[in-house]
1. For residues that are open to solvent by less than 10 Å² (accessible area, probe 1.4 Å) and touching a residue at least 60 places away in the same chain (Cβ under 8 Å), tally how many sit in the range B:254-273.
2. What are the residues in the range D:115-140 that are basic (Lys, Arg) and open to solvent by 10 Å² or more (accessible area, probe 1.4 Å), if any?
3. For residues in the range A:3-39 being open to solvent by 10 Å² or more (accessible area, probe 1.4 Å), in a loop (DSSP other than H, G, I, E, B) and over 16 Å from A:Arg121 (Cβ atoms), which is farthest from the other protein chains (Cβ to nearest Cβ)?
4. Any residue at all in the range D:73-86 that is within 13 Å of chain C (Cβ to nearest Cβ) and touching a residue at least 12 places away in the same chain (Cβ under 8 Å)?
5. Can you pull out the residues in the range B:41-81 that are of a type in the set (D, E, K, R) and part of a loop (DSSP other than H, G, I, E, B)?
6. In the range A:61-110, which residue that is basic (Lys, Arg) and in contact with a strand residue (DSSP E or B) (Cβ under 6 Å, 6 or more places away or on another chain) is least open to solvent (accessible area, probe 1.4 Å)?
7. In this structure, does B:Phe178 turn out to be crowded, with 21+ Cβ neighbours inside 10 Å, among the aromatic types (Phe, Trp, Tyr) and out of contact with any strand residue (DSSP E or B) (no Cβ under 8 Å at 6 or more places or on another chain)?
8. With the requirement that a residue be open to solvent by less than 10 Å² (accessible area, probe 1.4 Å), free of Cβ contacts under 8 Å to residues at least 60 places away in the same chain and of a type outside the set (Gly, Ala, Ser), what does the range D:294-338 give you?
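The values are calculated or read from the model by the stated rules, or taken from the named source; none is laboratory data. Remember, predicted model here, so these are calculated numbers, not experimental data. As a convention, Cβ positions derive from the backbone with ideal geometry for all residues, glycine included, and neighbour counts pool all protein chains shown. In case anyone asks, the SASA skips ligands and DNA or RNA and just uses the protein heavy atoms, side chains included. Shrake-Rupley method; radii C 1.70, N 1.55, O 1.52, S 1.80 Å.
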Number of protein chains: 4
Amino acid sequence: MLRFLTAGESHGRCMVAVLEGMPAGLKIDLKALNIELKRRQLGYGRGDRMKIEVDNAEILSGVKNGLTLGSPLGLYVKNVDFRIDDLIPLTKPRPGHADLVGCLKYGHEDIRCVLERASARETVVRVAVGAVCKQFLNEFGIVVASEVLMICGEKNKSKMIKKIEQAKKNLDTCGGLFSVTAAGVPPGLGSYVAADRRLSARLAGGLMSIPAIKAIEFGLGTGYAIEFGSSVHDAIYYSKEKGYFRKTNHAGGIEGGMSNGEPIVVRCTMKPIATLGKPLDSVDILTKKPEKAAVERYDTCAVQAAGVVAESVVSYELAAAFLEKFGGDSLNEVKRNYKGYMRTLQ
Amino acid sequence: MLRFLTAGESHGRCMVAVLEGMPAGLKIDLKALNIELKRRQLGYGRGDRMKIEVDNAEILSGVKNGLTLGSPLGLYVKNVDFRIDDLIPLTKPRPGHADLVGCLKYGHEDIRCVLERASARETVVRVAVGAVCKQFLNEFGIVVASEVLMICGEKNKSKMIKKIEQAKKNLDTCGGLFSVTAAGVPPGLGSYVAADRRLSARLAGGLMSIPAIKAIEFGLGTGYAIEFGSSVHDAIYYSKEKGYFRKTNHAGGIEGGMSNGEPIVVRCTMKPIATLGKPLDSVDILTKKPEKAAVERYDTCAVQAAGVVAESVVSYELAAAFLEKFGGDSLNEVKRNYKGYMRTLQ
Amino acid sequence: MLRFLTAGESHGRCMVAVLEGMPAGLKIDLKALNIELKRRQLGYGRGDRMKIEVDNAEILSGVKNGLTLGSPLGLYVKNVDFRIDDLIPLTKPRPGHADLVGCLKYGHEDIRCVLERASARETVVRVAVGAVCKQFLNEFGIVVASEVLMICGEKNKSKMIKKIEQAKKNLDTCGGLFSVTAAGVPPGLGSYVAADRRLSARLAGGLMSIPAIKAIEFGLGTGYAIEFGSSVHDAIYYSKEKGYFRKTNHAGGIEGGMSNGEPIVVRCTMKPIATLGKPLDSVDILTKKPEKAAVERYDTCAVQAAGVVAESVVSYELAAAFLEKFGGDSLNEVKRNYKGYMRTLQ
Amino acid sequence: MLRFLTAGESHGRCMVAVLEGMPAGLKIDLKALNIELKRRQLGYGRGDRMKIEVDNAEILSGVKNGLTLGSPLGLYVKNVDFRIDDLIPLTKPRPGHADLVGCLKYGHEDIRCVLERASARETVVRVAVGAVCKQFLNEFGIVVASEVLMICGEKNKSKMIKKIEQAKKNLDTCGGLFSVTAAGVPPGLGSYVAADRRLSARLAGGLMSIPAIKAIEFGLGTGYAIEFGSSVHDAIYYSKEKGYFRKTNHAGGIEGGMSNGEPIVVRCTMKPIATLGKPLDSVDILTKKPEKAAVERYDTCAVQAAGVVAESVVSYELAAAFLEKFGGDSLNEVKRNYKGYMRTLQ
């Protein structure tokens, strides 16, 4: 059973994760892992922090001479801007952010106590965790990728950029839509036998846990509400060469809560970032008087980065479901079990 | 910690659930519970089974003289049509259903071994579980409801019905869109501190585990991809009477992965039912020859019923998050803790 | 991942369990399962209830034509003595039982609300769950058995019986010691990499959850506190025929939190049953006045039965660890994976 | 819900833990935390490593200006002796250690790949985790302590020391017995309603996960197998000043799987350390030829240290059960809920 916990605040000393359950004998490519962290920092519309600070993950544990040991991996990303104890208190919560509710829930009187953790900075170690899972999945020919599909209503790349420039000029922010695709997934990950074992449920839960994600759809997604059944289900075919296959993939690779062997395709809608240069109406949590919301350093648009985070989430969930199906404590054992199953499909 | 497991096959003896973690002292209204089961059977476009069979839950355990004991609740719904061992084998999987992959995964040669459990019949005890949770939430003024918003592209009620009639005539099926709303939820359920504690993530995971659900969106949902940040975030206000409040609820009641005190609003897209009267192309799993898919008894449209199931899922997830926040082993204790917190919000 | 929940009160309608995660294709022998339930009712010193009432489990779900489907098993045992709503309230808690604390915790004013669930009756479905797991383990040559080693200080069978007779005459009760042995367990179940994955930890947790168990020891157990290291660790040998083997088994089959291939041997101490015919000092929970504790129907001695329950707990925990190691959704797949691993050990 | 994961190898860069679920507003005393780490290094019979290396935990996250934030705590302990990639391979497994099975399970050909994680070094961060929990429990007047009761059969302090000296001279090792006591625990932590919610089960599971622990007993423990029921159960009394109380505590503070308000008393038997200066028979895992086991740096006796680790485990499990019972996201909220409950007990 794969599992992880993360810790770290935005201006704390570091971001850290422990990933438990990865089999032994997996070659970890730290360079490739850090390329994922780099990818997370890219995208048109990112703030200045991204330009100054280059994230580099260090592996604290779980690896000896480049190979996983089967013991938990410690993943560590330093924060360059470490001064959590010296930050000036903030008391004007930003609409759309965790600020206000976080203070009510935890009894904080400084919204920094919330935003330091509610920050998207947390996703840096989730990407590190996901990158390890990606390397695991690659061993089985599974490839996970993402693509930006829309920014502020625009589907054309140059129009997207224009929207971001317009938003930036107006001290505003942009949301958008991206897809994540996982190709090479064998049929039978997840299960219909219990609600919480459905792969779709786990992917949706994981993806909805990414800050600012507000909608998730598989395959045709919301389009399913418009069509008749006869035109949307993916007819089943068989050939000796391919085994079972489909000519369409409206289901986004998932039927009955399980991977069906077609590429998994999921789309996520990201809301515009909640920190605005021209802040919205808010209330000072100490005085209860109306004020404009706090203004922090912010990105105009981070949809592309969110796509990278989503790849990580998908990679983690797929690796977890994969290990549940196939078991095994070493990469060799997982491969042996996997091959044994794949042979039964032919 | 609230948790449950369900068991039961469509033509097995019964559907059964164990719900663990409900506090003691909650008055269980079995009549109200069975009204939820009845609601799950309604809706224009349901098949004949719904007309014949009226589901009635029995409480096997966990209740004494009408009050919960704090021990696990056993919930039981009899299947009228009990003949699982005598069913004729099926070998032609229905596209869009668990049939094919389920057989590959579990090594079955009769797709009945899959569809008996992958059936939407499982949701009957999830509704029973959810109904208990609803009664718990009602004690705190939390009310959960659902509404059909679209059937096969139509938003107008009489046009929806026409579409269903058209589908029925054509031996086809209809999907659609529905919303679930939870009013009266206190701010601070769920948390941003860990990915899997976000209320949005848990709701999305739960909802996506309902058979045939393919898209989930909170508040503005996919609409967030179109707008600038300044126009979508819900500005924060305060008055002595209301405390903190919003004039808009684009966020669907969730900020930073937590309930923010506004109604939680989530929309789900359901795909058209995968069993069709005029079946799609398929393959016989034994002969591997092309065949039309199996035809089983089916509903033309079950979007309204799915809304009722979704209410149950939302009720369960809210009750679980509520009990995590407030703790307590008896209803009195939960109420005392709840009131203590609510007083700090004023 | 194997998991289960149970429900049911002693004088409620039934005891019920849902067992989720058992692979498909396992032949369930209901007769053998019910022999385990019968074994749980035996033993010198049992009360009259055991003589009247013969427990018979019914399988509600998860099985078709005698084979598991891969979907959850519902297990049901009827209570003959069903009258929970009509029981006369009790207010004098029995020392050594859950009565007093249960009322404080859950806010009950009738200790029946506690003892109905805290009853050893709950173990009947745990034995049913364990019996299914035993049948699974048998497929891999793993055999679990128990033996009474001591009753009230006596190790000799006829002296044990005398003690029980003496206790019965005095309206008193007897505790004792029993062992559970699991032979045929492959090396490598459980893991040292995380505290909660240690097989020893899981077995200890499971066994200590059996009512009245107060001590758990593996192999030499408390005897390890007396000896030097050089005389207690099991030296390692190898032969072509046997592979690695030991000449001693002080470790009780567990090293580093993992099965080591030798028989797993664990001993449990059971306290004397807390219901006494000549009751101890207690307090009426309503009047707060000193009173003698309530007297309910009771067993003089149930150590042998507790051994059967412990076999079930051990069988469940081994099956869970086995499925984590080997994965697999059908018995064939688990066997294929198991054999692949076993070959690497030679 | 409190949870944690640890990572780190004995000669890796560090040991690290993430502790999730600790409420906000708890003052963390780092000095007191490090005194616990120091206590873990003490005790007659420790090896040289303990003398050179002084462990100091650093808090990576979850704390701002000395107070917990409600977000996960990252806990970090540096390894002075960091050279995991340069260690010379070992192939002669030590009987009694994870060496042999770990290699079989994970497919390693160097037993260092196992012993680096199976090392008792892992417990250093578990003590750090436990120390945080201890500080939390202290806020509610709960105090956890341990005491060595026996070394190699000796109960007298000076005789214990002699045994250790004798063992040291003979290049041998000593096991022993220690107790952990938790005073001030309110009645009602844990529950009888489900097997895995019993406090006794959780404590036993946690304690049995400490390396080298082979037996766990509550209160009278194995002594319960010798006595009649009438002489061992703790009669119940009540006075206006004390509320309910007992004159004896044979139950070790636990009845029906719940704390009963009396001190929790649990004893653990530790086997002698498996690394011996005069090694036992073993087998080279590569050549399969008989060899003496590997000799690593070792402690002659670590029973006192194991007691400190056990305090940590008990503190963690109590804090987890405490937070389940009382809920709450800030220390103030937990205290308010706790006080509300305690008032009902009077």
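1. Start the filter on the range B:254-273 by keeping residues that are open to solvent by less than 10 Å² (accessible area, probe 1.4 Å), which leaves B:254-255, B:257-259, B:264, B:266, B:268-269, B:272.
Those still in the list that are touching a residue at least 60 places away in the same chain (Cβ under 8 Å) too: B:254, B:257-259, B:264, B:266, B:268-269, B:272.
Number of matching residues: 9.
2. Start the filter on the range D:115-140 by keeping residues that are basic (Lys, Arg), which leaves D:117, D:121, D:126, D:134.
Across the range D:115-140, the qualifying residues are D:Arg121, D:Arg126, D:Lys134.
3. Among those that are open to solvent by 10 Å² or more (accessible area, probe 1.4 Å), in a loop (DSSP other than H, G, I, E, B) and over 16 Å from A:Arg121 (Cβ atoms), it is A:Asp29.
4. Just the residues of the range D:73-86 that are within 13 Å of chain C (Cβ to nearest Cβ), to begin with: none.
Within the range D:73-86, not a single residue is within 13 Å of chain C (Cβ to nearest Cβ) and touching a residue at least 12 places away in the same chain (Cβ under 8 Å).
5. Here is the first cut: in the range B:41-81, the residues of a type in the set (D, E, K, R) are B:46, B:48-49, B:51, B:53, B:55, B:58, B:64, B:78, B:81.
Once the filter is applied, which keeps residues that are of a type in the set (D, E, K, R) and part of a loop (DSSP other than H, G, I, E, B), the range B:41-81 yields B:Arg46, B:Glu53, B:Asp55, B:Asp81.
6. As a first pass, look at the range A:61-110 and keep what is basic (Lys, Arg): A:64, A:78, A:83, A:92, A:94, A:105.
From the residues that got through so far, the ones that are in contact with a strand residue (DSSP E or B) (Cβ under 6 Å, 6 or more places away or on another chain) too are A:78, A:92.
Numbers: A:Lys78: 128, A:Lys92: 69 Å².
In this case the residue turns out to be A:Lys92.
7. Numbers: crowded, with 21+ Cβ neighbours inside 10 Å: yes; among the aromatic types (Phe, Trp, Tyr): yes; out of contact with any strand residue (DSSP E or B) (no Cβ under 8 Å at 6 or more places or on another chain): no.
Considered against the rule, which asks whether it is crowded, with 21+ Cβ neighbours inside 10 Å, among the aromatic types (Phe, Trp, Tyr) and out of contact with any strand residue (DSSP E or B) (no Cβ under 8 Å at 6 or more places or on another chain), B:Phe178 comes out as no.
8. Those that are open to solvent by less than 10 Å² (accessible area, probe 1.4 Å), free of Cβ contacts under 8 Å to residues at least 60 places away in the same chain and of a type outside the set (Gly, Ala, Ser): D:Phe326, D:Asn337.
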